[in-house]
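Trainee: Can you keep this structure in mind? I'll have questions shortly.
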Amino acid sequence: MTKFLSLVQLERIWSTTMALFARQIQSLTAGGIRTQQVRLASSTEVSFHTKPCKLHKLDSGPNTSVTLNKEDALKYYRDMQVIRRMESAAGNLYKEKKIRGFCHLYSGQEACAVGMKAAMTEGDAVITAYRCHGWTWLLGATVTEVLAELTGRIAGNVHGKGGSMHMYTKNFYGGNGIVGAQQPLGAGVALAMKYREQKNVCVTLYGDGAANQGQLFEATNMAKLWDLPVLFVCENNGFGMGTAVERASASTEYYTRGDYVPGIWVDGMDILAVREATKWAKEYCDSGKGPLMMEMATYRYHGHSMSDPGTSYRSREEIQEVRKTRDPITGFKDRIITSSLATEEELKAIDKEVRKEVDEALKIATSDGVLPPEALYTDIYHNTPAQTIRGATIDETIVQPYKTSADLLKAIGRA
């Protein structure tokens with residue numbers, strides 16, 4: 001006997017089918033950008049479509065279809081959260097006057113650093129400006145070393161001698177305090193890579209304000225002449241200190257400013273777009289085609305530095321609107337939850353873990369000792385006998401008691 005399905009049964013089948021379909025193909029609108037995601041055969045991998053890059057002197061650019069697995073999704077989320085919470089902690093320390101001098105925060109720009117780092121391979125180098133705390137952590141330092149450096153403690157990245165703008169790790173050439181100074185230095189690092197026949201690139205970062213520095217154009221000229229493997233990356237957060245890009249630059253298409261150097265524009269608030277673009281750019285450089293310019297369209301939530309409230313040249317409403325519609329962390333969180341790559345519970349567990357890590361680092365950053373005055377005379381020359389160093393006045397001289405910080409730390413039991 002033929003059996004007919006009841007209306008209720010048909011409705012259940014329809015609802016189940018639509019639910020499965022919705023989980024496989026979803027269209028999200030985030031910050032005005034339509035992002036599609038498609039679940040692949042593997043239950044832990046999803047394909048996303050990102051905003052196309054704008055191209056300069058290039059016939060083709062990065063793929064707009066990118067894949068993401070669960071492991072990477074959780075790692076990227078955690079990395080961005082560490083930088084965000086670490087910078088929040090730094091801001092609080094500055095307000096408490098436990099950090100002195102300059103302090104430039106990276107909050108809002110996390111997708112740029114984490115996305116680029118995800119595309120880098122062993123031996124690649126990075127050099128940036130003074131907004132360097134996140135990069136220092138990504139390239140090997142601990143949260144404790146970053147925060148303790150900010151407070152000038154022995155446990156700091158360079159034992160409290162560098163402060164906010166001068167931190168270093170292997171293949172990370174710092175934080176540079178002089179605007180644009182890193183641009184020719186990055187070309188120099190790339191020259192060394194080419195000389196050694198390395199298949200690596202030097203990621204040379206600068207802001208939209210430093211994009212008008214003359215040394216950038218000198219560096220790009222040499223880099224193109226010698227086809228150096230250098231990525232000149234402009235992190236365009238919309239303001240050079242307190243000046244909007246439109247008031248400072250005759251051309252705000254920074255990815256085209258290399259003239260004869262090809263360039264690409266990237267949505268710097270989308271970590272997947274950044275990762276894919278950097279992979280493509282690295283392959284371009286590795287193939288021997290020479291330098292490339294990248295513009296990361298991003299946004300900073302705080303002022304230029306902690307001494308700048310950041311609201312005299314833009315409104316609080318503008319900042320809140322970006323937080324609401326384009327935030328790199330919440331946008332990424334929504335995407336990986338909606339695509340079932342992660343659950344709310346998994347991300348809450350990561351948040352709790354990150355909070356604990358930063359809180360533990362804060363305890364050391366606010367209680368550890370500082371280097372003795374003898375440290376002022378260390379690390380002046382490399383591989384020389386102890387030198388006679390002039391002090392505060394011409395009559396005050398001292399023979400180096402310790403030639404390096406390592407010698408001093410060993411003497412005080414902190415090696």
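The values are calculated or read from the model by the stated rules, or taken from the named source; none is laboratory data. Everything numeric in this text was worked out from a predicted model, so none of it was measured. Here the Cβ is made from the backbone with ideal geometry for all residues, glycine too, and neighbour counts use every protein chain on show. All accessible areas refer to the heavy atoms of the entire protein, side chains included, with ligands and DNA or RNA removed. Shrake-Rupley method; radii C 1.70, N 1.55, O 1.52, S 1.80 Å.
Trainee: Select from region 38-48 the residues that are at pLDDT 95 or above and buried (at least 17 other Cβ atoms within 10 Å of the Cβ) and write down the one among them that is nearest to the chain's Cα centre (by Cα).
Mentor: That would be F48.
Trainee: So the check is Cβ under 6 Å with 6+ separation or different chains; which pairs have a first residue in region 385-400 that's modelled with pLDDT of 85 or more and a second one that's among the acidic types (D, E) and surrounded by 10 or more Cβ atoms within 10 Å (Cβ to Cβ)?
Mentor: none
Trainee: Is at least one residue of region 262-277 over 16 Å from the mean Cα position of the chain (by Cα) and free of Cβ contacts under 8 Å to residues at least 40 places away in the same chain?
Mentor: First, the residues of region 262-277 that are over 16 Å from the mean Cα position of the chain (by Cα): 262-265.
Of the ones still in play, those that are also free of Cβ contacts under 8 Å to residues at least 40 places away in the same chain are none.
No, the conditions are met nowhere in region 262-277.
Trainee: A follow-up question, please. Taking region 377-415 on its own, how many of its residues are in contact with a strand residue (DSSP E or B) (Cβ under 8 Å, 6 or more places away or on another chain) and part of a loop (DSSP other than H, G, I, E, B)?
Mentor: Total satisfying the criteria: 6.
Trainee: Among the numbered criteria (1) surrounded by 15 or more Cβ atoms within 10 Å (Cβ to Cβ); (2) in a loop (DSSP other than H, G, I, E, B), which single criterion is violated by W265?
Mentor: Unmet condition: (2).
Trainee: Does region 99-109 contain at least one residue that is β-branched (V, I, T) and closer than 20 Å to V203 by Cα?
Mentor: Among the residues of region 99-109, not one is β-branched (V, I, T) and closer than 20 Å to V203 by Cα, which makes the answer no.
Trainee: Is it fair to say E145 is in the same structural domain as V114 (by the TED database) and surrounded by 22 or more Cβ atoms within 10 Å (Cβ to Cβ)?
Mentor: yes
Trainee: In region 92-121, which residues are touching a Cys at 6+ places or on another chain (Cβ under 9 Å) and not in a loop (DSSP other than H, G, I, E, B)?
Mentor: Answer for region 92-121, where residues must be touching a Cys at 6+ places or on another chain (Cβ under 9 Å) and not in a loop (DSSP other than H, G, I, E, B): L93, Y94.
Trainee: For I154, are the conditions met, namely being β-branched (V, I, T) and open to solvent by less than 30 Å² (accessible area, probe 1.4 Å)?
Mentor: yes
Trainee: I would also like to ask the following. Answer yes if at least one residue in region 221-232 is at pLDDT 95 or above, touching a helix residue (DSSP H, G or I) at 6+ places or on another chain (Cβ under 9 Å), surrounded by 24 or more Cβ atoms within 10 Å (Cβ to Cβ) and of a type in the set (D, E), and no otherwise.
Mentor: no
Trainee: Cβ-Cβ below 7 Å, separation at least six or inter-chain, first residue in region 53-81 and part of a helix (DSSP H, G or I), second open to solvent by 50 Å² or more (accessible area, probe 1.4 Å) and of a type outside the set (K, R): which pairs?
Mentor: The qualifying pairs are K70/T44; L74/E346.
Trainee: Would a scan of region 293-313 turn up a residue that is open to solvent by 50 Å² or more (accessible area, probe 1.4 Å) and of a type in the set (K, R)? Give the steps one after another, and end with the answer.
Mentor: Looking only at region 293-313, we keep the residues that are open to solvent by 50 Å² or more (accessible area, probe 1.4 Å), and these are 302, 307, 309, 312-313.
Narrowing further to those that are of a type in the set (K, R): none.
For region 293-313, residues open to solvent by 50 Å² or more (accessible area, probe 1.4 Å) and of a type in the set (K, R): absent.
Trainee: Also, I was wondering about something else. Being without any contact (Cβ under 8 Å) to a residue 40 or more places away in the chain, of a type in the set (K, R) and under 24 Å from H159 (Cβ atoms) is true for just one of K403, K356, K352, K348. Which residue is that? Break it down into steps so the answer makes sense when it comes.
Mentor: Working: K356 fails: under 24 Å from H159 (Cβ atoms); K352 fails: under 24 Å from H159 (Cβ atoms); K348 fails: under 24 Å from H159 (Cβ atoms).
Result: K403 is the single residue among K403, K356, K352, K348 that is without any contact (Cβ under 8 Å) to a residue 40 or more places away in the chain, of a type in the set (K, R) and under 24 Å from H159 (Cβ atoms).
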